Structure formats: C-alpha cells, structure tokens
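Worksheet: one structure, shown below.
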Amino acid sequence: MGQIWTQFFLQPMLNGLLLLYGALGQNFAAAIAVFTIIIRLLTLPLSLPQQRSAKKMQELQPRLQELQKKYKDDKEKLAQAQMELYREAGVNPLGGCLPLLIQFPIWIGLYQSIAQTLAAGPLQLLNLSNNIYKSLPWLSSLVPVKNTFLWLDLGKPDPLYILPVLVVATTWFQQKVMSPPSSDPQSASMNQSMQVMFPLMLGFFSLQFPSGLALYFVVSNIVGIVIQYFTPGWVGVSFGKKGVQPAKAVTSKAPASSVPATSTSTEAEPAGGQTAKKGQQYGKKRRKRRG
Amino acid sequence: MKHRIPWGLGVLVPLLLAFLFVGAGCSGGSATPPPIWPGLAYADNVLYLAGLDGHVWALDIGRGGQELWRVPPADSKEPAGFHGEPAVAGDLLLVGTSAQGLYALDRATGQTRWTIATANKAVLARPLVSDGVAYFGGEDKKLRAVEVQSGRVLWEFPTEGWIWASPALAGGRLYLGAMDHRLYCLDAASGQKLWQFEAGGAIAGTPAVGGGMVFFGSFDSSLYALDAVSGEQRWSFKTEGWVWGGPLLHDGVVYFGATDHNVYALEAETGSLRWKFTTGDLVRATPLYHEGTLYAASRDGRLYALDPQTGQQKWSFFTDDPKAGQLLSEPVAAGDTIYVAIMNGRVAALDAASGAQRWLANPAQTK
C-alpha cells in the first residue's frame with residue numbers, strides 16, 4: 001500500500017514540484033504557489049460535482065421536509081418517497097462524497113511532497129533521494145532546494161508570525177464563503193464552531209511547521225476562495241452580491257414548508273434564499289406535472 | 001430524516017486533514033532539529049558516540065560498551081542537541097550541535113571546555129583535526145579553523161551552501177565540498193581560496209586526496225577526480241544514484257558507495273571500473289579499509305566485509321532489523337574489532353575476521 005501511494009501520488013507530485021522549482025528560477029516559494037494553483041485547478045472537475053451535488057441536495061430540502069412531516073410515523077415509506085424524489089431530481093445523495101474522497105490523496109500527496117522537498121536534514125534528504133525519478137537525473141542537481149524567500153526560511157516556521165496569521169484569516173474566510181448560514185440550531189452551532197476551530201488549528205500548526213507549508217495553506221485557501229467566487233458563488237458573506245443573503249431570509253420566505261431549508265453542509269452550498277426559492281419552484285413544477 | 005452526510009464530511013474532512021498534517025509534520029516538517037545518523041570516534045579504548053537523540057556517550061570498549069559518561073547527564077534537563085559526528089583532538093572531543101555550534105568536551109569527564117557559536121545553525125560534519133587545529137563547517141555555510149586548546153577562531157571561509165562534510169587536508173591545502181555544488185581548495189594556513197570546481201550537484205562527503213588527485217562524489221550521481229594542484233578535471237564516473245559519502249583511496253583504488261545500492265571500486269588513475277558490489281539498499285557511508293578488508297555499511301542493516309581486490313563478500317553482519325537497524329554511519333576499526341553505530345541507537349562490536357558479534361551496547365536505554 002505504501003509503495004502504491006509513493007509511486008502514484010507522492011513521486012509524481014514531488015518530481016513535478018522540483019520541475020517547477022527548476023523552471024521558476026529555483027524560487028521554491030513560487031514553485032509552491034504555482035504547483036498549488038495547478039493542482040487546485042486540475043482537481044476542479046472533482047470538486048465541482050461535489051458542489052453541484054450539495055447544491056441540488058439543498059434545493060430538495062423543502063420537499064424532503066414535507067416528506068418527513070407526511071411520513072413521520074412510517075420510516076419505510078419515508079425512505080421510499082425520498083428515493084423517488086432523488087430519482088426524479090436526478091440526485092444521488094452520496095454523489096458529492098466520492099469526488100471529495102478522491103481529492104483526499106491529492107491534498108495529502110501535495111502536502112507530503114512539499115514537506116519532503118523541503119528536506120532540511122540529512123535523513124530527510126536521504127528519503128528524498130529515493131523518490132526522485134532516475135529518468136530525470138538532473139532533478140537531483142536541484143537539491144537541496146534554496147529555501148529562503150523574503151524574510152522566510154521555508155524550512156522553518158515564520159519568525160514574524162505573519163504567515164500563521166494569514167493562514168488563520170484565509171482559512172476562516174474560505175470556510176465562511178463556502179458555508180451557508182444554517183437555520184437549524186444544531187447545524188449552525190457546529191458550523192460556527194468549525195469555522196472558528198479549524199482556522200485556529202491550522203494557524204497553530206503553522207506556528208510549528210516549515211513556513212513553506214504555511215505558504216501552501218495560504219495559496220490553497222486563496223485559490224479556493226477565488227474558485228468558489230466564480231462557480232457557485234460565495235455563500236456565507238454578504239457584500240450586497242447575488243447569492244449571499246443570510247439564511248434568515250429563508251425562514252421568512254419559505255411558506256412551502258413550515259421548516260426552513262436547513263443547510264447541513266459546510267461545503268460549497270448555494271445561498272439559503274436562492275435555495276429556498278428554487279426548492280419552492282421545483283415543488284411547484286412537480287405539483288404541476290402531477291396535476 | 002435529515003441528510004447529515006455532506007455535513008459530516010464537512011467536519012471529517014478538516015479533522016482528517018488536521019490529523020494528517022500533524023502526523024506528517026512529525027515526520028517531515030516539524031521545527032525540531034532534523035535527526036542525523038549516529039557518529040562514532042575511537043581513542044584509547046574508549047568509543048565516543050554522538051547523534052540520534054542528541055547525547056554524547058563515552059563507552060568503555062573493554063567492558064562491553066559500558067557507559068563512562070554521557071552529556072548531558074541522564075538526569076539533566078538541558079536540551080540534548082549533539083547531532084554532529086564526533087572527532088578526537090588530543091584530550092578533547094569535538095562535537096557539533098543542532099543549534100549551539102561546536103563543543104569541545106573533556107574526553108575524561110565530558111565537561112565543556114569551550115564552545116563556538118554558529119548563528120544557531122547546525123554543525124553536523126565531523127571536524128578535521130591536524131597539528132592542533134580543527135577545521136569544521138556548518139549550516140551557517142562557513143568553514144572555520146580553530147585552535148584546539150583555546151577554541152580561538154583562526155580564520156573563517158564563507159561558502160554559499162551548507163557544509164555537511166569535513167574537509168580533507170594534504171600538502172598544506174584543504175579540500176572542502178559544500179552543498180552549493182562546489183569543491184573548494186583553500187590554503188590551510190590562511191583560509192585563502194586557491195581554486196574552486198563546480199560539480200553538477202551538492203557535495204556532502206569528505207574528499208579523498210592522493211597521487212596528485214582529489215576525489216569526491218556528488219548528488220549528480222558522479223564521482224569526480226581532479227588534479228589536486230590545478231583543480232582541473234581528470235575524469236568522472238557516473239553511477240545510478242547519489243554519491244553521498246566520501247570516497248576511500250587505498251593502493252591506487254578509489255572505493256565508494258552510492259544510493260543506487262552499490263559499492264564501487266575504480267582505478268584511481270583512469271576511473272575505470274574494477275568491480276562493483278550490490279547491497280540491499282543505499283550505501284551512504286564512506287567505506288572503511290582495515291587490515292586487508294573493505295567494510296561497507298548499507299541501509300539494508302548489513303555491514304559487508306569485502307575483498308578489496310575482487311569485491312567478493314567475505315562475510316556480512318546483519319542488525320536483525322532492516323528498518324530500525326539501518327547502517328548509515330562510517331564503521332570504526334580498533335585492533336581486531338569493527339564497531340558500528342546502528343540507527344536504533346545500539347553499538348555493535350564485531351570480530352573483524354569473522355563478523356561475529358562480540359557485544360551489543362544500548363547506551364540510550366542505560367541509566
């Protein structure tokens with residue numbers, strides 16, 4: 001298993017990173033930034049279905065709530081009705097999970113390749129020597145990488161704490177724009193605590209980790225924020241833009257069901273207001289078809 | 001029924017990533033000084049061991065490697081940062097640290113005599129000691145000449161890369177390899193640069209000098225032979241892996257290991273291959289020649305005893321643990337015994353003729 005991982009994920013990424021480092025004038029910070037952007041863009045086809053699936057699930061929420069009320073005493077019928085609804089809407093309730101899971105190894109491989117390329121000691125460099133392609137021997141002449149950038153030694157934590165602060169800020173903002181406000185108190189509370197805890201956790205790690213990895217976090221977050229802006233749109237913030245209304249509007253504008261369209265995803269879901277409307281529209285269309 | 005799957009993943013994803021970040025950080029990217037292989041030095045029936053967990057030990061080889069002293073002491077709360085390979089200099093032991101520079105310890109007691117700071121950068125290379133002067137380089141990219149008795153710095157020479165190997169001295173000239181891909185030739189008395197040679201990769205091993213030539217390996221997979229006076233290249237030999245450790249020159253033959261798992265023997269004059277011996281893993285350490293036998297340590301956990309003429313294996317010693325029992329450091333010979341420091345912190349004493357284990361010490365486990 002370890003060998004498969006190394007051969008199919010770690011080595012291609014590590015060698016790709018070194019290639020970029022050589023192509024970008026041996027600037028490792030630039031290599032990290034460009035490599036992160038490339039990987040994020042390459043995995044876009046994997047992340048978009050997940051976002052779309054989440055969006056569709058969100059749109060179905062009012063109808064699901066209705067079904068729950070209707071069949072609250074018959075779980076079997078409820079499950080059948082839900083499956084029927086999913087089938088008609090063309091939604092696979094687990095459809096969003098697979099692309100997300102597929103992205104895991106890519107993120108981890110990216111992280112590990114950066115950590116290993118930043119080898120700061122003899123033992124780490126020995127490990128690196130195992131993973132450089134023999135068919136590209138000139139890559140070996142690039143190690144050890146020059147790991148200074150501005151005030152940073154990319155192999156050591158940022159002494160000025162600027163990157164950890166940026167990690168916290170960008171992680172928080174990315175979570176914010178990807179997580180729609182939820183009117184379900186339990187979900188809202190958990191979303192809120194995750195939105196605080198996770199950025200702080202990454203910020204704490206960035207205090208210990210080489211600043212090259214903190215740089216990766218920051219670039220990855222910024223790319224995520226930009227992608228989110230141009231795909232489903234930011235959902236957790238309100239700058240007077242379309243699709244950023246808070247979920248409060250949902251609860252007041254969702255007469256199709258007495259229960260608001262509850263957001264239960266922290267990942268890339270559409271705005272609550274839009275969702276509710278679409279949910280109502282879908283419900284109307286469906287009733288019309290049946291009628 | 002609410003659909004918790006996406007939300008659950010939303011929580012699990014960050015948590016799993018956080019967990020992985022922590023795990024990977026421990027192995028790949030923490031701010032803790034990077035570990036190195038243990039280093040050995042021998043003098044007067046005492047074996048000195050440094051590295052791994054940052055301690056220095058003096059071991060009595062007459063009593064199965066029993067501890068004479070350790071620095072810092074076992075009950076000390078001082079940070080243990082001795083990660084450099086030790087060198088004996090008269091009644092002193094010189095050892096580099098991960099951040100506090102070079103230490104000169106009293107060989108009898110372990111007491112500190114003097115220290116030289118290196119701007120919080122690691123000193124991993126074994127100092128070269130000659131005529132009361134110690135030459136050592138560090139990750140502050142400088143080579144220093146230091147008067148052994150006083151600790152007074154005589155001169156400094158700046159390079160543009162980390163220095164992970166000790167220099168070689170011959171005919172009043174120092175030959176130093178650095179991670180900036182350069183081999184420097186300096187005047188040993190003044191530290192003035194005489195010439196430099198640009199290799200295709202980093203140089204992490206100590207050069208070998210003899211027969212008017214200087215030999216060194218590089219991460220560009222080559223072993224180079226230069227004219228020791230002019231610095232002009234005589235020949236180079238390409239392997240399939242990094243040449244990390246320094247070469248050994250003996251009787252007109254250059255012996256060295258590479259990360260392609262091989263030990264090579266080349267004709268020093270021409271660079272032609274005499275033989276090669278394949279081990280089970282990479283060979284980092286410089287081979288040792290002792291009383292007609294060549295000893296090569298491999299990361300496969302074996303010390304190989306080879307016939308220097310033919311490359312035929314005489315015997316091999318296995319540490320019984322291919323993972324934790326890796327051999328990355330140079331073996332040391334004293335009399336009819338070969339000592340090896342194992343990555344699991346143990347030290348083995350082997351019969352030089354047969355490879356039979358005489359004793360195995362585990363100083364880190366002994367209080």
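Bear in mind that the values in this text are calculations on the coordinates, not laboratory data. Just so it is clear, the model here is predicted, and its values are computed rather than measured. Cβ: placed from backbone, ideal geometry, glycine included. Neighbour counts: every protein chain shown.
Partners of A:Lys134 within straight-line reach, counting aspartates and glutamates whose Cα lies under 18 Å from its Cα and excluding those fewer than 8 residues away in the same chain: B:Asp220, B:Glu240, B:Asp260, B:Asp281. Lysine pair count for chain B (Cα-Cα distance under 23 Å; residues 8 or more apart in sequence or on different chains): 8. Annotation: aspartates and glutamates with alpha-carbon distance below 13 angstrom to A:Lys176 (same-chain offsets under eight excluded): A:Glu267, A:Glu269. Principal-axis analysis of the Cα atoms of chain B puts helix B:5-24 at an angle of about 30° to the longest axis. In chain B the Cα-Cα distances spread across 10 Å bins starting at 0 as 5, 23, 32, 25, 9, 3, 2, 1, 0 percent of all pairs.
Extension gain, B:Gln196 to B:Lys323, is 41.8 nm, computed as 0.36 nm per intervening residue step minus the present C-alpha separation.
If you stretched the chain out fully between A:Glu88 and A:Gln26, how much longer would it get, using 0.36 nm times the residue separation minus the C-alpha to C-alpha distance? Spell out each step's value before the answer.
Details: separation 62, 0.36 × 62 = 22.32 nm, distance 5.42 nm.
Working it through step by step, the gained length comes to 16.9 nm.
Only aspartates and glutamates eight or more places from A:Lys70 in sequence, or on another chain, were considered; those with a Cα closer than 16 Å are A:Glu84. Take each residue in A:60-67, count the other chain C-beta atoms within 10 Å of its C-beta, and the mean is 1.
Between the amide H of B:Gly96 and those of B:Gly84, B:Glu85, B:Tyr103, distances stay under 5 Å, these residues lying 5 or more places away or on another chain, with hydrogens modeled in the peptide plane.
Please say if region B:116-200 is rounded, prolate or oblate, where rounded means a/c under 1.5 for a ≥ b ≥ c the square roots of the C-alpha gyration tensor eigenvalues, and otherwise the choice is prolate for a/b larger than b/c and oblate otherwise? Here region B:116-200 falls in the oblate category. With a 10 Å cut-off around each Cβ of A:117-130, the average count of Cβ atoms from other chains is 6.
Between A:Gln3 and B:Gln357, what FRET efficiency comes out of the Förster formula 1/(1 + (r/R0)^6) with R0 = 30 Å and r the beta carbon distance, rounded to 0.05?
For B:Gln357 and A:Gln3, the calculated efficiency is 0.40.
Report note on the peptides B:77-86, B:61-70: ranked by the mean count of other C-beta atoms within 10 Å, highest first, their order is B:77-86, B:61-70.
Looking only at other chains, what is the average number of their beta-carbon atoms within 10 angstrom of each beta-carbon in A:199-208? The partial results should precede the final answer.
Values: counts 1, 0, 6, 4, 0, 2, 6, 1, 1, 8.
Averaged over the peptide's residues, the number is 3.
For the pair B:Ser150 and B:Lys276, a Förster radius of 60 Å applied to the C-beta separation gives a FRET efficiency near 0.85, rounded to the nearest 0.05. Sorting B:313-321, A:138-146 by average packing, meaning the other beta carbons within 10 Å per residue, from highest down gives A:138-146, B:313-321.
At a threshold of 8 angstrom on Cα-Cα distance, excluding pairs fewer than six apart, so keeping six or more, what relative contact order does chain B reach in percent?
Numbers: 995 pairs, mean separation 29.8, N = 367.
Relative CO of chain B lands at 8 percent.
For region B:58-213, report the convex hull volume of the alpha-carbon atoms normalised per residue, in Å³, without decimals.
127 Å³
Kindly rank B:193-206, A:202-215 from highest to lowest mean number of other beta carbons found within 10 Å of each residue. Display every interim value, and only then the final one.
Values: B:193-206: 20.4, A:202-215: 23.6.
Top to bottom by mean Cβ count within 10 Å: A:202-215, B:193-206.
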